[in-house]
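A.B. asks: Have a look at the structure that comes next, please.
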Amino acid sequence: MNGTPMDVSIKPIIYSALFIALISIGAMIAVPVGPVPIVLQNMFVLLAGLILPPAWAAGCVAVYLLMGFAGLPVFAGGTSGIGKVFGPTGGYLLSYLPAAFLTAVISGRAAKSLVRDCGAAIAGMAVMYMFGVPWLKWVLAVSWGKALAAGMYPFVPGAVLKIIAAVIIARKLRPLIRF
Amino acid sequence: MDTVLLKTDHLTHAFGSEQSGIFDICLTIARDDFIVLAGKNGCGKTTLIRHFNGLLMPDRGRVLLDGQDIQKNLTVARKKVGMVFQDPDTQIIADTVFDETAFGPENLNMGREAINAGVINALKLLGLYHLRDRNPATLSGGEKRRLAIAGILVMAPDLIIFDEPFANLDYPSIVSLVRVCRTLHRSGHAIVMTTHDVAPVIMLATKMVVMDKGRIKEQGDPISLAPCLESYGVKNPFTPMAQAWAL
Amino acid sequence: MTLFSYHPGDTLWHTLDVRCKCLLMCLLSLAVLKTGLPGNIICLCVLMGILKMLGVGPVKLVTQLKCFLLLLTLIFFCRWAVTPGHPMVTLHGFSLTRQGFASAGLVSLRFLVVMLLGLILTVTTRSMEIKAAVQWFFKPVPFIPEKRVAVMVGLALKFMPLILDNAREVTHAVNARCGNLRKNPVRRLVNLAWPLLKKTFQSADDLSLAMQARCYSENRTDARFFSNGKEGWVVGLTFIFCAGIVLMG
Ligand SMILES: Nc1ncnc2c1ncn2[C@@H]1O[C@H](COP(=O)(O)OP(=O)(O)O)[C@@H](O)[C@H]1O
Ligand SMILES: [Mg+2]
């Protein structure tokens with residue numbers, strides 16, 4: 001109804017910026033749920049995929065990575081730099097890009113069914129580990145078993161928790177958001 | 001030059017039900033006006049002023065700026081009508097005081113030299129020049145409010161709108177903000193200020209408009225309207241505090 | 001957090017053109033990846049020297065980077081434990097090798113050096129300058145709206161402290177009503193994240209109004225760059241330095 005030309009372009013920019021900030025902050029604060037505190041970074045990546053259209057979801061993760069590479073302290077623990085990609089967690093970082101895109105594509109634009117949202121979030125999370133674990137194996141030069149033990153098994157309960165939370169939050173948040 | 005700056009014509013904007021929103025607002029703002037828009041919370045003050053620069057579009061009626069419908073050219077309307085929002089934290093965009101002030105002129109694609117000159121001028125006028133490299137998030141409430149004013153002053157607006165400017169300010173900041181408003185009014189800007197506490201500005205205002213339930217109930221000379229304020233849920237600034245609170 | 005913020009000053013590193021600084025940073029991180037242990041040690045010493053000049057001494061570094069150093073130690077031992085070769089120390093039939101020590105040392109040292117490079121950049125550069133540089137570098141790249149990217153970067157940096165503040169408030173509000181006694185972890189996570197997101201999205205809506213009220217458009221005046229005229233020298237010297245450490249191996 002308030003159809004000025006500016007309204008069309010400014011809201012997605014602001015929401016994307018908001019998700020960039022949330023993803024950055026998610027790496028810094030640990031939430032004490034259960035025995036192991038979890039970081040919310042990948043949950044916000046999933047949430048970006050569930051809420052933004054595919055192009056914007058991928059764009060916002062791309063800009064986030066770009067900020068980190070350019071030297072702004074947005075990666076885990078306030079670090080940054082292109083060197084981070086060649087580190088053990090580089091695979092997870094890069095995987096956010098396809099993960100957000102895939103989640104956004106699966107969750108679709110119009111009718112948002114619960115099953116579809118769950119599927120999208122699970123697929124997104126799977127992509128993260130599909131990139132992250134081989135990368136970890138390659139950088140640390142360890143066996144598959146050790147890579148899985150260090151980079152996946154301890155995080156599975158947290159990942160399930162985050163998938164459920166991301167879907168619940170996304171469904172509550174959508175009515176508030178108008179592009 | 002025509003003395004009428006902005007005119008609304010049977011402006012109506014309803015939110016969902018016919019209960020909340022604004023209804024049938026006819027208001028004229030002259031170039032030398034200082035209008036206080038009084039009314040209790042939720043009576044539609046913010047909704048009304050957001051029509052003045054096209055942030056909201058009316059369901060019925062028009063807003064005329066210099067005789068032109070503002071929807072014809074929103075950029076011009078937004079340049080001429082500057083707005084200071086209620087919450088100072090959510091209107092700061094850039095990460096230094098200087099860049100924050102330059103945001104508006106940069107959007108208008110002005111030349112870099114002109115922008116620098118204008119920004120320095122505005123910052124000096126509001127006493128913020130020595131803070132130009134500071135991060136706005138680290139400023140005090142009063143300084144943030146003045147920064148917001150600087151950010152719209154560089155665009156040389158004709159009308160400056162303040163939305164509840166005294167909310168969350170301490171006494172010295174209120175005093176200095178009232179001084180700034182007086183300076184702005186004297187230097188030829190028309191001013192519209194929404195508030196539920198008219199006391200700080202009642203002596204400066206040239207006109208008072210009282211709203212209730214989305215409609216204009218009274219308008220006219222501020223001092224003579226003061227006694228009827230209480231019936232619309234706004235405190236009469238001339239009742240002594242002690243008397244107002246005696247139960 | 002405090003370490004990774006702009007410290008005002010007027011040293012050579014502060015006044016160097018940002019675009020030049022970003023280039024140097026890429027150049028040096030690549031050189032570091034290509035060189036061996038001696039090159040990395042030299043690089044580390046040089047960077048520590050520069051940081052000392054910028055007022056970030058070794059003591060401050062260690063205290064502020066505790067977590068990072070811990071992670072580094074972890075990587076070091078991981079790597080040391082899994083590399084085969086001549087045994088150096090043997091514990092419970094588990095041997096740590098000399099080759100492992102060398103390669104683990106190299107990897108962690110590289111990490112440290114790259115991190116310090118980033119630190120020098122963030123300490124001497126305003127974030128809006130980095131933003132402007134990003135915009136400038138992306139100008140010739142097709143399909144990337146560089147001005148939009150620059151605005152997004154600026155807004156994201158602005159949102160971060162706002163979200164942190166909101167997060168603190170929400171945590172207090174939830175705990176004040178004993179929300180931390182909830183057993184179900186999903187509920188606890190949602191109870192924390194949902195009010196935070198609601199609040200943050202509302203401020204985002206307010207911000208979008210404020211930007212529209214100030215005529216936001218993507219056709220904006222370009223950012224300006226300052227240079228101190230010494231970029232040529234610095235780039236030249238860095239090239240020689242990089243070539244030196246890479247050849248040294
Ligand atoms: N975006 C909106 N959607 C629905 N109702 C709204 C919206 N904005 C304001 N309202 C309602 O309109 C009325 C007037 O609000 P507002 O103009 O903010 O009042 P004031 O600024 O005088 O306190 C309120 O009852 C409010 O609940
Ligand atoms: Mg209001």
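A.B. asks: Need the failing condition index for B:T183 against (1) open to solvent by less than 20 Å² (accessible area, probe 1.4 Å); (2) of a type in the set (S, T, N, Q); (3) within 25 Å of B:R132 (Cα to Cα), just the number.
C.D. replies: Every listed condition holds for B:T183 apart from (1).
A.B. asks: Another question about this same structure. Does the stretch B:48-61 hold any residues that are within 16 Å of ligand 2 (Cβ to nearest atom) and either aliphatic (A, V, I, L, M) or in contact (Cβ under 8 Å) with a residue 60 or more places away in the chain (or both), and which are they?
C.D. replies: Matches in the stretch B:48-61: B:L48, B:I49, B:F52, B:N53, B:L55, B:L56.
A.B. asks: Condition first: at the interface with chain B (Cβ under 10 Å from one of its Cβ atoms), of a type in the set (G, A, S) and touching a residue at least 24 places away in the same chain (Cβ under 8 Å). Now tell me which residues in the stretch C:196-227 satisfy that.
C.D. replies: Correct list: C:S203, C:A204, C:A223.
A.B. asks: Return only the number of the condition from (1) more than 9 Å from chain C (Cβ to nearest Cβ); (2) out of contact with any Asp or Glu (no Cβ under 7 Å at 6 or more places or on another chain); (3) within 16 Å of ligand 2 (Cβ to nearest atom) that B:D89 does not satisfy.
C.D. replies: Going through the list (1) more than 9 Å from chain C (Cβ to nearest Cβ); (2) out of contact with any Asp or Glu (no Cβ under 7 Å at 6 or more places or on another chain); (3) within 16 Å of ligand 2 (Cβ to nearest atom), B:D89 breaks only (1).
A.B. asks: Out of everything in the stretch B:23-47 that is in a helix (DSSP H, G or I) and away from chain A (no Cβ under 14 Å), what residue ends up being nearest to ligand 2 (Cβ to nearest atom)?
C.D. replies: Result: B:T46.
A.B. asks: Could you check the stretch C:86-98 and list, in sequence order, the residues that are outside any helix (DSSP H, G or I) and either closer than 30 Å to C:I50 by Cα or away from chain A (no Cβ under 13 Å) (or both)?
C.D. replies: Selection gives C:H86, C:P87, C:M88, C:V89, C:T90, C:L91, C:H92, C:G93, C:F94, C:S95, C:L96.
A.B. asks: OK, next. Here is a list: B:M203, B:M208. Which entry is more than 19 Å from B:H51 (Cβ to Cβ) and either within 16 Å of ligand 1 (Cβ to nearest atom) or modelled with pLDDT under 90 (or both)?
C.D. replies: Exactly one of B:M203, B:M208 is more than 19 Å from B:H51 (Cβ to Cβ) and either within 16 Å of ligand 1 (Cβ to nearest atom) or modelled with pLDDT under 90 (or both), namely B:M208.
A.B. asks: Starting from the stretch B:35-47, keep only residues that are at positive phi, then list their pairs with residues that are among the β-branched types (V, I, T) and more than 6 Å from ligand 1 (Cβ to nearest atom) whose Cβ atoms are within a distance under 8 Å, requiring at least 6 positions of separation or different chains.
C.D. replies: Taking only residues 6 or more apart or on different chains, the pairs are B:G39/B:T194; B:G39/B:V210; B:G39/B:V234; B:G44/B:I22.
A.B. asks: When both residues are 6+ apart or on different chains and their Cβ atoms are under 8 Å apart, which pairs have a first residue that lies in the stretch A:93-109 and is of a type outside the set (A, V, I, L, M), and a second that is modelled with pLDDT under 95 and outside any helix (DSSP H, G or I)?
C.D. replies: A:R109/A:P53
A.B. asks: Let me ask something additional. For the condition out of contact with any Gly (no Cβ under 9 Å at 6 or more places or on another chain), open to solvent by less than 50 Å² (accessible area, probe 1.4 Å) and within 12 Å of chain C (Cβ to nearest Cβ), what is the one hit in B:R134, B:R112?
C.D. replies: From the options B:R134, B:R112, the qualifying one is B:R112.
A.B. asks: On the basis of being of a type outside the set (S, T, N, Q), crowded, with 19+ Cβ neighbours inside 10 Å, modelled with pLDDT of 85 or more and within 30 Å of C:K21 (Cα to Cα), does A:G87 make the cut?
C.D. replies: In short, no.
A.B. asks: Scan the stretch C:1-16 for residues that are within 14 Å of chain A (Cβ to nearest Cβ), at pLDDT 85 or above and either over 16 Å from C:L116 (Cβ atoms) or assigned to a loop (DSSP other than H, G, I, E, B) (or both) and jot them down.
C.D. replies: Within the stretch C:1-16, just C:L16 meets the criteria.
A.B. asks: Tell me which of these A:A100 doesn't satisfy, since it passes every other one: (1) more than 10 Å from chain C (Cβ to nearest Cβ); (2) at pLDDT below 95; (3) surrounded by 20 or more Cβ atoms within 10 Å (Cβ to Cβ); (4) farther than 30 Å from C:K183 by Cβ.
C.D. replies: Tallying (1) more than 10 Å from chain C (Cβ to nearest Cβ); (2) at pLDDT below 95; (3) surrounded by 20 or more Cβ atoms within 10 Å (Cβ to Cβ); (4) farther than 30 Å from C:K183 by Cβ, A:A100 fails exactly one: (2).
A.B. asks: For the stretch B:186-200, what are the residues that are more than 12 Å from the chain's Cα centre (by Cα) and over 11 Å from B:L37 (Cα atoms)?
C.D. replies: B:R186, B:S187, B:G188, B:A199, B:P200
A.B. asks: Considering the stretch C:82-101 alone, what residues qualify as being touching a helix residue (DSSP H, G or I) at 6+ places or on another chain (Cβ under 7 Å) and at pLDDT 75 or above?
C.D. replies: C:G85, C:H86, C:M88, C:L96, C:G100, C:F101
A.B. asks: Among the candidates C:P38, C:P8, single out the residue that is open to solvent by 40 Å² or more (accessible area, probe 1.4 Å) and closer than 30 Å to C:L247 by Cα.
C.D. replies: Of C:P38, C:P8, the one residue that is open to solvent by 40 Å² or more (accessible area, probe 1.4 Å) and closer than 30 Å to C:L247 by Cα is C:P38.
A.B. asks: Suppose we filter C:L189, C:L164 for residues that are closer than 18 Å to A:S16 by Cα, modelled with pLDDT under 85 and at the interface with another protein chain (Cβ under 7 Å from one of its Cβ atoms); which single one remains? Show your work before the answer.
C.D. replies: Details: C:L189 fails: closer than 18 Å to A:S16 by Cα.
On inspection, the qualifying residue turns out to be C:L164.
A.B. asks: Looking at C:F137, C:F143, C:F159, which is the one that is within 9 Å of chain A (Cβ to nearest Cβ), open to solvent by 10 Å² or more (accessible area, probe 1.4 Å) and over 17 Å from the mean Cα position of the chain (by Cα)?
C.D. replies: Values: C:F143 fails: within 9 Å of chain A (Cβ to nearest Cβ); C:F159 fails: open to solvent by 10 Å² or more (accessible area, probe 1.4 Å).
None of the other options fit; the residue is C:F137.
A.B. asks: Looking at (1) modelled with pLDDT of 90 or more; (2) within 12 Å of chain C (Cβ to nearest Cβ), which is the only condition B:Q68 fails?
C.D. replies: All conditions are met except number (2).
A.B. asks: Test of understanding: among B:I174, B:I216, B:I223, which residue is open to solvent by less than 50 Å² (accessible area, probe 1.4 Å), more than 16 Å from ligand 1 (Cβ to nearest atom) and not in a loop (DSSP other than H, G, I, E, B)?
C.D. replies: Just a single option satisfies the conditions, and that option is B:I174.
A.B. asks: Give the number of residues within the stretch B:48-74 that are open to solvent by 20 Å² or more (accessible area, probe 1.4 Å) and either part of a strand (DSSP E or B) or within 16 Å of ligand 1 (Cβ to nearest atom) (or both).
C.D. replies: 11
A.B. asks: Please work out which one of (1) modelled with pLDDT under 95; (2) within 16 Å of ligand 2 (Cβ to nearest atom) is the condition B:M193 fails and give its number.
C.D. replies: Every listed condition holds for B:M193 apart from (1).
A.B. asks: Kindly provide the set of residues from the stretch B:92-109 that are more than 8 Å from chain C (Cβ to nearest Cβ) and open to solvent by 10 Å² or more (accessible area, probe 1.4 Å), ordered by number.
C.D. replies: Result: B:F98, single match.
A.B. asks: Would you pick out the residues in the stretch B:201-213 that are crowded, with 19+ Cβ neighbours inside 10 Å and among the charged types (D, E, K, R)?
C.D. replies: B:K207, the sole residue that qualifies.
A.B. asks: Continuing with the same structure: Within the stretch A:110-131, how many residues are open to solvent by less than 50 Å² (accessible area, probe 1.4 Å) and without any contact (Cβ under 8 Å) to a residue 40 or more places away in the chain?
C.D. replies: 5
Each row is one residue, and each column tells you yes or no for (1) open to solvent by 50 Å² or more (accessible area, probe 1.4 Å); (2) part of a helix (DSSP H, G or I).
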{"site": "C:L70", "(1), (2)": "yes, yes"}
{"site": "C:T73", "(1), (2)": "yes, yes"}
{"site": "C:W80", "(1), (2)": "no, yes"}
{"site": "C:P84", "(1), (2)": "yes, no"}
{"site": "C:G100", "(1), (2)": "no, yes"}
{"site": "C:S103", "(1), (2)": "no, yes"}
{"site": "C:V113", "(1), (2)": "no, yes"}
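A.B. asks: Taking the residues in the stretch B:11-47 that are under 25 Å from B:N236 (Cα atoms) and among the aliphatic types (A, V, I, L, M) as candidates, determine which candidate is farthest from ligand 1 (Cβ to nearest atom).
C.D. replies: B:I29
A.B. asks: With B:I161, B:I191 as the choices, which residue is within 16 Å of ligand 1 (Cβ to nearest atom), outside any helix (DSSP H, G or I) and open to solvent by less than 30 Å² (accessible area, probe 1.4 Å)?
C.D. replies: B:I161
The values are calculated or read from the model by the stated rules, or taken from the named source; none is laboratory data. The shown structure was predicted, so the numbers you read here are calculated from the model rather than taken from an experiment. Neighbour counts run over all protein chains shown; Cβ positions are idealised from the backbone, glycine included. Side chains are part of the model used for accessible areas, which takes the heavy atoms of the whole protein and leaves out ligands, DNA and RNA. Shrake-Rupley method; radii C 1.70, N 1.55, O 1.52, S 1.80 Å.
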